[in-house]
1. For region 74-323, calculate the relative contact order in percent as a whole number, restricting contacts to Cα pairs under 8 Å that are 6 or more residues apart.
2. Going by the alpha-carbon gyration tensor, a ≥ b ≥ c the square roots of its eigenvalues, is region 74-323 rounded (a/c under 1.5) or, if a/c is not under 1.5, prolate (a/b greater than b/c) versus oblate?
3. Got the relative contact order for region 66-181 handy, in percent, Cα pairs under 8 Å and 6 or more residues apart?
4. What part of the accessible area of region 74-323, given as a whole %, is carbon or sulfur when the probe is 1.4 angstrom?
5. How would you order 294-304, 191-201 from highest to lowest mean count of nearby Cβ atoms within 10 Å?
6. Return a whole-number percent for the relative contact order of the chain, with Cα pairs under 8 Å and 6 or more residues apart as the contact set.
7. Which value, in debye to the nearest 20, describes the size of the charge dipole of region 4-130 about its Cα centre when Lys and Arg Cβ atoms bear +1, Asp and Glu Cβ atoms bear -1, and nothing else is charged?
8. Where only protein heavy atoms count, and the probe is 1.4 Å, what is the accessible area per residue for region 74-323 in Å²?
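The values are calculated or read from the model by the stated rules, or taken from the named source; none is laboratory data. Source: prediction; values computed, not measured. Cβ sites come from the backbone with ideal geometry, for glycine too, and all protein chains shown count toward neighbours. Ligands, DNA and RNA are excluded from the accessible area calculation, which covers all protein heavy atoms including side chains. Shrake-Rupley method; radii C 1.70, N 1.55, O 1.52, S 1.80 Å.
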Amino acid sequence: MSGSYLEATRRSGKLFERAKKVFAGGVNHNARFYQPYPLFVNKAKAQHIWDADGNRYTDYWMGHMALILGHSPKPVVDALRGQISHGTHYGMGSSLSVELAEEVQKSVPCAEMMRFCNTGAEATMYLVRLARGYTGKRTVIKMAGGWHGYNTELNKGVHRPFDKSESAGILEEEQAFVKNVRFNDLEAAERAVREAAEDTALIFLEPVLGAGGCVPAEPDYLRGLRELADKHGVLLAFDEIITGFRVSLGGAQGFYGVTPDLASFGKVAGGGLPLGLVAGRKEIVSLADPNRKERFVSIGGGTFSENPLSMAAGLATVRHLRRHAGSVYPELDKAGRDAREAVDRAFAEEGVVAHTTGLGSLFLTHFGVDPKNAEESAGGDKKARLDYCLELMSKGIFILPGHPGGISTCHTPQDLKELAEQSGKFAARLAKKR
Ligand SMILES: Cc1ncc(COP(=O)(O)O)c(C=O)c1O
């Protein structure tokens, strides 16, 4: 792309004007909007996307972090081509769903049993229901800044002031048993559990806070939460919708070596097609068996659960990851570490205070802060962050402003070098202005 964002993305601008007339706010996910208007994408392949004006970008948003093998990787395209002529939806189980579940079971420590659904929000909703059904208790402790999808109950305290509902139209009563505590703060979790020990069903968190700033849990924190949960008879669950199959084959639980009782998955596990998954200890997930004599926990998935296209794409992806785990994850870890360090160095050389957080292939650059939790992340300079992302876009690099970037197996060392170089150029201009 050459020229300014407005000049180079005129068609996206026009599409946004039309989109505003049909979609509230012109978007179908709040995260997709940024000023002055978001790009509209026409095409994607490997590590690239092309916008409506034909500009090509090296893409680090990667389908909302759902793509780890890049856009339209061969194993997924072949699987989908084969499947599409055998039916796009059965509304019944198939060998594909059993095979994908078996692959998940072999990969993820806590996944003794599971259920498929279609989105991450559904998976987290079912997870909470299972936890309450199993424990007979009500309170859910989540993290300030923790995002678990547009799930009614958990849509609380994602943004400042971190203890209020995110939305009009949600009753206070619906979130009355959801408490937010500070991430990476074991004492805060301990206090919350002690306050309601008799009634706490679950501690639920993203092991890498995503929307809350791409902040990884400190290893002792997760171990501490595991001990805390065990001590008080509370369940521990990880939302692995970002980290699952991304930070290791076994997700964050594999990476940190801390096994939760339940976990939610989506994104990478669906290979770029819609998928949600709730997994966990058999004793808990089997409560959803409708043939139980006792009252069962009624969870979905719904009309499109185990849709064969999602199953085929997920299976092709997870199989590929299992076969190549020995090279994929060390390479992605190195790429992520190198990228975070190179970007930070580029800013430091110009005297700009910026810190890139993340884990494995995930990264997010913060201006003015080096956050350990969502409160600190929210204190960063948002204008600098938007300017940085728009500037990168004008140089052909796409990071969705304010959101983590995800490196895929298609990104090359040259792509990452370019990211660091363009960060350095932006840093130099920013330093001059200040
Ligand atoms: C950690 C986390 N949980 C849950 C969700 C919700 O998933 P979905 O958008 O598929 O409903 C997301 C989506 O971004 C997420 O990042």
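1. 32
2. prolate
3. Numbers: 91 pairs, mean separation 20.2, N = 116.
Relative contact order of region 66-181: 17 percent.
4. Solvent-exposed carbon and sulfur of region 74-323 make up 51 percent of the total.
5. Working: 294-304: 14.3, 191-201: 16.4.
Those peptides, ordered most packed to least, come out 191-201, 294-304.
6. Relative contact order for the chain comes out at 22 percent.
7. Dipole of region 4-130, to the nearest 20 debye: 560 debye.
8. Ligands and nucleic acids excluded, the figure is 41 Å² per residue.
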